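One structure is given below, encoded as structure tokens.
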Amino acid sequence: MDAICRPIALAPCTSDIHTVWSGSIGERFDLVLGHEAVGEVVEVGALVRDFKPGDRVLVAAVTPDWSSREAQAGFAMHSGGLLGGWKFSNSKDGVFAEFFHVNDADGNLALLPAGMDLAAACMLSDMVSTGLYGVELAGVEFGDTVAVVGIGPVGLMSVAGAAIHGASEIYAVGSRPNCVALAREYGATQIIDYHVGDIADQILALSGGVDRVIVAGGDAKTFVQAVQMVKPGGCIGNVNYLDEGDHVIFPRLEWGCGMGNKSVHGGLMPGGRLRMEKLASLVVTGRLDPARLVTHRFTGIEGVEQAVMLMKDKPSDLIKPLVLLDDAAPAPVEV
């Protein structure tokens with residue numbers, strides 16, 4: 001049922017930085033990093049029906065076990081336990097290697113559309129899927145007013161996704177000039193700079209409250225501001241990895257003493273072939289151009305370390321780095 005792939009494009013993620021330097025969930029030792037890749041199939045197991053060696057494939061960062069009880073209940077991303085569908089560099093070696101393993105290949109791989117830019121394809125693995133999942137969790141509908149907290153690559157995709165879903169006003173919270181410029185291009189109508197003052201105060205002054213909040217950055221305290229700015233009947237969708245603190249705080253009064261009809265949905269992005277195919281269709285049809293997230297490019301496997309350190313240091317001009325690998329034919333490996 002499984003496949004061995006070799007990477008042809010890779011991207012490091014802030015989650016990789018959490019794993020090495022802070023805040024990862026549970027102890028991890030001797031694991032290869034990386035969960036964002038475009039690959040080429042090298043070998044497949046006997047039960048794989050739809051993929052063969054030589055196929056170029058999109059690989060989701062989350063690769064569920066599709067026969068699990070959790071998948072049958074509608075939460076495949078938690079197959080085998082909480083966050084269990086996130087396997088790369090979490091419970092097994094990741095994609096920053098000469099070859100990597102993909103479980104349940106027919107359910108977790110998707111063919112790379114002919115001619116698709118590898119930068120765009122690699123962004124589909126996590127940044128696009130997670131950013132759009134924030135939009136889904138928040139329940140954005142046409143005409144909604146939306147606040148997106150954090151406009152790194154995931155938040156930028158949340159801005160784009162909110163626009164695709166028909167949001168009217170989109171308040172994007174961030175300050176780095178290149179992120180601000182790209183947020184406007186993706187559909188943000190207002191930029192909220194947290195250096196100027198409390199973001200909830202700013203958004204409430206402009207709008208009186210928003211219908212939806214997507215949390216794609218910040219920390220555990222950000223939920224105080226999210227609850228303050230969302231209207232009764234509104235919803236908060238969280239896709240931010242909270243890497244510090246033991247508790248998430250909700251303000252009692254602004255939450256209506258627990259009865260304010262302000263919903264909070266936090267989730268790990270879904271994986272799977274169908275989702276990757278649908279996301280790819282947004283790129284193919286010109287609805288979305290995630291390649292614009294990539295600000296730094298490296299070539300060869302030796303570029304991975306440089307790209308990871310860039311994500312750790314986060315210079316002001318960084319949005320997302322990409323590593324392109326040699327396309328030479330791989331040596332055969334045994335499955």
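Identify all residues within the stretch 244-261 that are touching a residue at least 24 places away in the same chain (Cβ under 8 Å), out of contact with any Asp or Glu (no Cβ under 8 Å at 6 or more places or on another chain) and of a type outside the set (A, V, I, L, M, F, W, C); write none if there are none. If the condition is that a residue be touching a residue at least 24 places away in the same chain (Cβ under 8 Å), out of contact with any Asp or Glu (no Cβ under 8 Å at 6 or more places or on another chain) and of a type outside the set (A, V, I, L, M, F, W, C), then H247, P251, E254, G256, N261 are the ones that fit. Scanning the stretch 177-205 for residues that are of a type in the set (A, V, I, L, M, F, W, C) and either modelled with pLDDT under 95 or loosely packed, with under 14 Cβ neighbours inside 10 Å (or both) yields a count of 3. When G256, G237 are screened for being crowded, with 16+ Cβ neighbours inside 10 Å and in contact with a strand residue (DSSP E or B) (Cβ under 8 Å, 6 or more places away or on another chain), only G237 passes. Taken over the stretch 1-57, the criterion of being on the phi > 0 side of the Ramachandran plot and crowded, with 23+ Cβ neighbours inside 10 Å is satisfied by G34 alone.
Which of the residues spanning the stretch 116-170 are among the polar types (S, T, N, Q), surrounded by fewer than 24 Cβ atoms within 10 Å (Cβ to Cβ) and under 17 Å from the mean Cα position of the chain (by Cα)? Within the stretch 116-170, no residue meets the criteria. Exactly one residue among V284, V304 is closer than 30 Å to S22 by Cβ and in the same structural domain as T19 (by TED's automatic domain parsing), and that residue is V304. Quick one: in the stretch 206-246, of everything that is of a type in the set (D, E, K, R) and modelled with pLDDT under 95, which residue is farthest from V173 (Cα to Cα)? Step by step, filter the stretch 206-246, then rank; the result is D246. Just to be sure, is G267 without any contact (Cβ under 8 Å) to a residue 12 or more places away in the chain and either surrounded by fewer than 18 Cβ atoms within 10 Å (Cβ to Cβ) or not assigned by TED's automatic domain parsing to the domain that holds P113 (or both)? So G267 fails the test.
Take N103 and decide whether it is surrounded by 24 or more Cβ atoms within 10 Å (Cβ to Cβ) and polar (S, T, N, Q). Spelling it out, it is not the case that N103 is surrounded by 24 or more Cβ atoms within 10 Å (Cβ to Cβ) and polar (S, T, N, Q). Test D219 against the stated conditions and say whether it is under 29 Å from W86 (Cα atoms) and out of contact with any Pro (no Cβ under 6 Å at 6 or more places or on another chain). Judged against the criteria, D219 is a match. Set side by side, the residues A61, A119 differ, and just one is in the same structural domain as A307 (by TED's automatic domain parsing), closer than 27 Å to A216 by Cα and touching a Leu at 6+ places or on another chain (Cβ under 6 Å), which is A119. Scanning the stretch 211-222 for residues that are part of a strand (DSSP E or B) and crowded, with 24+ Cβ neighbours inside 10 Å returns R212, V213, I214, V215. Screening G131, G81 for residues that are out of contact with any Cys (no Cβ under 6 Å at 6 or more places or on another chain), without any contact (Cβ under 8 Å) to a residue 24 or more places away in the chain and over 15 Å from E277 (Cα atoms) leaves exactly one candidate, G81.
Considering the conditions (1) closer than 20 Å to A280 by Cβ; (2) hydroxyl-bearing (S, T, Y); (3) surrounded by fewer than 18 Cβ atoms within 10 Å (Cβ to Cβ), T63 is excluded by exactly one of them, (3). The residue of the stretch 279-316 that is surrounded by the fewest Cβ atoms within 10 Å (Cβ to Cβ), among those that are assigned to a helix (DSSP H, G or I) and of a type in the set (D, E, K, R), is D313.
The values are calculated or read from the model by the stated rules, or taken from the named source; none is laboratory data. Computed from a predicted structure; not experimentally measured. Every residue, glycine among them, receives a Cβ derived from its backbone with ideal geometry; neighbour counts consider all protein chains shown.
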